[in-house]
Amino acid sequence: MSWPFPGIVAHRGGGTLAPENTLGAIRLGATMGFKGVEFDVMLAGDGTPVLIHDQTLKRTTRTRGDVARATYAELARLDAGAWHGTRWRGERIPRFEDAVRLCRELGLWANVEIKPAQGHERRTGEAVAQMADKLWRSAPLPPVLSSFSPVALAAARHAAPQLPRGLLVGRIPPHWREMLQDLECVALHANYRALNARVVAEAQRAGAAVLAWTVNDRRAARKLLSWGVDCLVTDRLDRIAPEFA
Ligand code: G3P
Ligand code: MG
């Protein structure tokens with residue numbers, strides 16, 4: 001496919017300039033001129049989809065416990081900003097629906113990474129896709145749902161077949177072409193270090209776009225763009241600005 005979505009996307013909302021996966025981070029991305037953001041979505045213990053990367057609460061909230069064992073009400077009390085710096089104190093773990101509303105308000109496109117806690121792949125794929133379908137209805141651009149989990153992607157396809165999907169990979173797996181085809185993905189979302197000109201060309205010949213994460217170095221970014229990579233996801237909003245592409 002051609003890539004109708006933004007070509008430079010802010011990782012986890014505001015990259016490393018804000019506490020990841022918070023509404024404050026998404027606002028910062030928009031303020032810095034980004035047209036698209038990536039964020040991670042996991043299910044809380046009561047089934048509420050929330051923005052968080054890790055399965056445990058330790059790193060970003062300095063609290064003991066697992067996301068999948070806490071209710072949203074419990075998560076909502078935690079501070080998800082202070083770890084990043086005092087000016088971010090009071091940022092919360094947002095619900096997915098709050099993040100979508102904010103993106104729509106700000107006119108931001110989103111790459112929603114379905115990030116299931118272990119053992120919750122199918123349920124997470126299904127819940128995120130259903131909610132995404134409902135909340136982005138009649139939006140100018142649909143979100144792209146991506147995941148490292150083929151089970152989550154298959155569940156997302158079943159729940160909302162019309163929403164575009166991206167296959168996330170850290171390394172290029174031997175059967176990546178078949179995986180893209182089987183899961184009907186529009187894009188390969190690869191660790192930029194795993195990419196080369198041949199893989200990019202092959203993916204695009206097969207009709208898939210290529211997104212590279214997480215590119216923080218301008219030289220690497222230039223090289224990827226010279227290979228024809230469609231989208232760069234960056235943590236360094238200050239180095240790889242939207243006009244870089
Ligand atoms: O979606 C790209 C990137 O976010 C995947 O890795 O671990 O940062 O979620 P991670
Ligand atoms: Mg992610």
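I need the full set of residues from the range 14-40 which are β-branched (Val, Ile, Thr) and under 17 Å from Asn216 (Cα atoms), in order please. If you could, list the steps in order and put the result at the bottom.
Narrowing the range 14-40 to residues β-branched (Val, Ile, Thr): 16, 22, 26, 31, 37.
Once the filter is applied, which keeps residues that are β-branched (Val, Ile, Thr) and under 17 Å from Asn216 (Cα atoms), the range 14-40 yields Thr16, Val37.
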If we ask which residues in the range 176-196 are in contact with a Gly (Cβ under 8 Å, 6 or more places away or on another chain) and open to solvent by 30 Å² or more (accessible area, probe 1.4 Å), their number turns out to be 2
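Does Ala127 satisfy the criteria of being crowded, with 22+ Cβ neighbours inside 10 Å, of a type outside the set (Ser, Thr, Tyr), within 18 Å of the chain's Cα centre (by Cα) and closer than 23 Å to Thr16 by Cα?
Values: crowded, with 22+ Cβ neighbours inside 10 Å: yes; of a type outside the set (Ser, Thr, Tyr): yes; within 18 Å of the chain's Cα centre (by Cα): yes; closer than 23 Å to Thr16 by Cα: no.
It is false that Ala127 is crowded, with 22+ Cβ neighbours inside 10 Å, of a type outside the set (Ser, Thr, Tyr), within 18 Å of the chain's Cα centre (by Cα) and closer than 23 Å to Thr16 by Cα.
Quick check, is Ala73 more than 15 Å from Leu102 (Cβ to Cβ) and in a helix (DSSP H, G or I)? Let's see the steps before the verdict.
On the way: more than 15 Å from Leu102 (Cβ to Cβ): yes; in a helix (DSSP H, G or I): yes.
Judged against the criteria, Ala73 is a match.
Mind counting the residues in the range 1-53 that are of a type outside the set (Val, Ile, Thr) and closer than 17 Å to Val233 by Cβ? Let's see the steps before the verdict.
Our first condition is that a residue be of a type outside the set (Val, Ile, Thr); within the range 1-53, this holds for 1-7, 10-15, 17-21, 23-25, 27-30, 32-36, 38-40, 42-47, 49, 51, 53.
From the residues that got through so far, the ones that are closer than 17 Å to Val233 by Cβ too are 3-7, 10-15, 17-18, 20-21, 25, 28-30, 32-36, 38-40, 51, 53.
The qualifying residues number 29.
Report yes if some residue within the range 213-230 is in a helix (DSSP H, G or I), among the charged types (D, E, K, R), at negative phi and surrounded by 16 or more Cβ atoms within 10 Å (Cβ to Cβ); otherwise report no. Explain how you work it out, then say what you get.
Just the residues of the range 213-230 that are in a helix (DSSP H, G or I), to begin with: 218-226.
Now drop any that are not among the charged types (D, E, K, R), which leaves 218-219, 222-223.
Retained after the next criterion (residues that are at negative phi): 218-219, 222-223.
If we keep only those that are surrounded by 16 or more Cβ atoms within 10 Å (Cβ to Cβ) as well, we get 223.
Within the range 213-230 (the criterion being in a helix (DSSP H, G or I), among the charged types (D, E, K, R), at negative phi and surrounded by 16 or more Cβ atoms within 10 Å (Cβ to Cβ)), the answer is yes, since at least one residue qualifies.
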On the basis of being modelled with pLDDT of 95 or more, open to solvent by 10 Å² or more (accessible area, probe 1.4 Å) and either assigned to a helix (DSSP H, G or I) or within 15 Å of ligand 1 (Cβ to nearest atom) (or both), does Arg92 make the cut? no
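Only one residue in Ala197, Ala203, Ala187 is away from ligand 2 (no atom under 16 Å from the Cβ), touching a strand residue (DSSP E or B) at 6+ places or on another chain (Cβ under 6 Å) and of a type in the set (A, V, I, L, M), so which one is that? Walk me through how you get there before you give the answer.
Working: Ala197 fails: touching a strand residue (DSSP E or B) at 6+ places or on another chain (Cβ under 6 Å); Ala187 fails: away from ligand 2 (no atom under 16 Å from the Cβ).
Unique residue meeting the criteria: Ala203.
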Tell me, yes or no, whether the range 55-64 has at least one residue that is closer than 24 Å to Arg157 by Cα, in contact with a helix residue (DSSP H, G or I) (Cβ under 9 Å, 6 or more places away or on another chain) and hydroxyl-bearing (Ser, Thr, Tyr). no
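State whether the residues of the range 153-161 include one that is within 14 Å of ligand 1 (Cβ to nearest atom) and buried (at least 16 other Cβ atoms within 10 Å of the Cβ). Before the answer, list the steps.
Taking the range 153-161 and keeping what is within 14 Å of ligand 1 (Cβ to nearest atom), we get 153.
Now narrow it down to the ones that are buried (at least 16 other Cβ atoms within 10 Å of the Cβ): 153.
Yes; the residues of the range 153-161 include at least one that is within 14 Å of ligand 1 (Cβ to nearest atom) and buried (at least 16 other Cβ atoms within 10 Å of the Cβ).
Yes/no matrix, rows are residues, columns are (1) at pLDDT below 95; (2) within 16 Å of ligand 1 (Cβ to nearest atom); (3) open to solvent by 30 Å² or more (accessible area, probe 1.4 Å); (4) closer than 15 Å to Thr124 by Cα:
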{"position": "Ala25", "(1), (2), (3), (4)": "no, yes, no, no"}
{"position": "Glu38", "(1), (2), (3), (4)": "no, yes, no, no"}
{"position": "Ala44", "(1), (2), (3), (4)": "no, no, no, yes"}
{"position": "Gln55", "(1), (2), (3), (4)": "no, yes, yes, yes"}
{"position": "Arg59", "(1), (2), (3), (4)": "no, yes, yes, no"}
{"position": "Gly65", "(1), (2), (3), (4)": "no, no, yes, no"}
{"position": "Leu75", "(1), (2), (3), (4)": "no, no, no, no"}
{"position": "Asp79", "(1), (2), (3), (4)": "no, no, yes, no"}
{"position": "Ala82", "(1), (2), (3), (4)": "no, no, no, no"}
Counting only residues that are farther than 30 Å from Phe244 by Cα and away from ligand 2 (no atom under 13 Å from the Cβ), how many does the range 26-54 have? 8
Contact list, first residue from the range 183-210 and farther than 24 Å from Val151 by Cα, second anywhere and among the aliphatic types (A, V, I, L, M) and exposed (fewer than 15 other Cβ atoms within 10 Å of the Cβ), beta-carbon distance below 7 Å, six or more apart or interchain, is none
Looking at the structure I just gave you, is Leu51 in contact with a Lys or Arg (Cβ under 7 Å, 6 or more places away or on another chain) and within 16 Å of ligand 1 (Cβ to nearest atom)? no
Need the failing condition index for Pro173 against (1) within 16 Å of ligand 1 (Cβ to nearest atom); (2) touching a helix residue (DSSP H, G or I) at 6+ places or on another chain (Cβ under 8 Å); (3) in contact (Cβ under 8 Å) with a residue 12 or more places away in the chain, just the number. (3)
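The values are calculated or read from the model by the stated rules, or taken from the named source; none is laboratory data. Keep in mind the model is a prediction, meaning the values are calculated, not measured. Here the Cβ is made from the backbone with ideal geometry for all residues, glycine too, and neighbour counts use every protein chain on show. In case anyone asks, the SASA skips ligands and DNA or RNA and just uses the protein heavy atoms, side chains included. Shrake-Rupley method; radii C 1.70, N 1.55, O 1.52, S 1.80 Å.
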